[in-house]
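What follows is a single structure, written as structure tokens, with notes after it.
The values are calculated or read from the model by the stated rules, or taken from the named source; none is laboratory data. Note that the coordinates shown come from a computational prediction; the quantities given were computed from them, not determined experimentally. Backbone-built Cβ (ideal geometry, glycine too); neighbour counts: all protein chains shown. Just so you know, the surface numbers come from the protein's heavy atoms only, side chains and all, with ligands and any DNA or RNA stripped out. Shrake-Rupley method; radii C 1.70, N 1.55, O 1.52, S 1.80 Å.
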Amino acid sequence: MIYADQKQSGKKSEGFGKLLYSAKYDLRGKPDYIFKKRLGGKIVPVELKSGSIKDEPLPHPGDLLQLAAYFLLLEDIYGKRPPYGWLKYSDYMFYVRNTRKLRKEVKQTMADMRKMLEDGEGSPNASFVTCRHCICNGTVCPYGQYHRNGGEV
């Protein structure tokens, strides 16, 4: 283990708990853990989630994008592209490959978010898949009612 998002005791824990920053991507974050493989020196982020995944075949989309953002962050900081990472829920752990498609998706999402912050406009992608795990579902967002109302907002 070369990093944890909380300070650890001991001399080897210097820098643990600090916010990581990538100037290249203007991205900040604190993965729960970062491991470095003894053979080959591969960097592997691990993100812990308190919730469960139940019978879902895939990780929650936001969690997947969070791990993908850590892939970019760590590549810039350590100069090595993490080949994969782990998303650990209370009842299941996903092995997530750092693919071109995932990297493209997280870069596009970051660009969309920055544009929305600039002009205050955004286009929601309301669907059962994107809304069911959102923290705004059923609260302040009118799109959280999407499937409860037969697909109408």
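For the range 9-77, the share of accessible area belonging to carbon and sulfur comes to 52 percent (1.4 Å probe, ligands and nucleic acids excluded).
As an equivalent ellipsoid, the range 1-93 spans semi-axes of 22, 16, 13 angstrom, where each value is the square root of five times an eigenvalue of the C-alpha gyration tensor, largest first. Compactness check for the range 74-115: Cα Rg over 2.2 N^0.38 Å is 1.40. Ordering of 16-22, 112-118 by packing is 16-22, 112-118, highest average first (other Cβ atoms within 10 Å, averaged per residue). For the range 1-85, applying the loop criterion from DSSP together with a ceiling of 13 other beta carbons within 10 Å to the GluC sites (Glu not before Pro) yields GLU14. Accessible area per residue for the range 1-92 is 61 Å², calculated with a 1.4 Å probe on protein heavy atoms, without ligands, DNA or RNA.
Computed about its Cα centre, the charge dipole of the range 22-113 is approximately 560 debye, with only Lys, Arg, Asp and Glu carrying charge at their Cβ.
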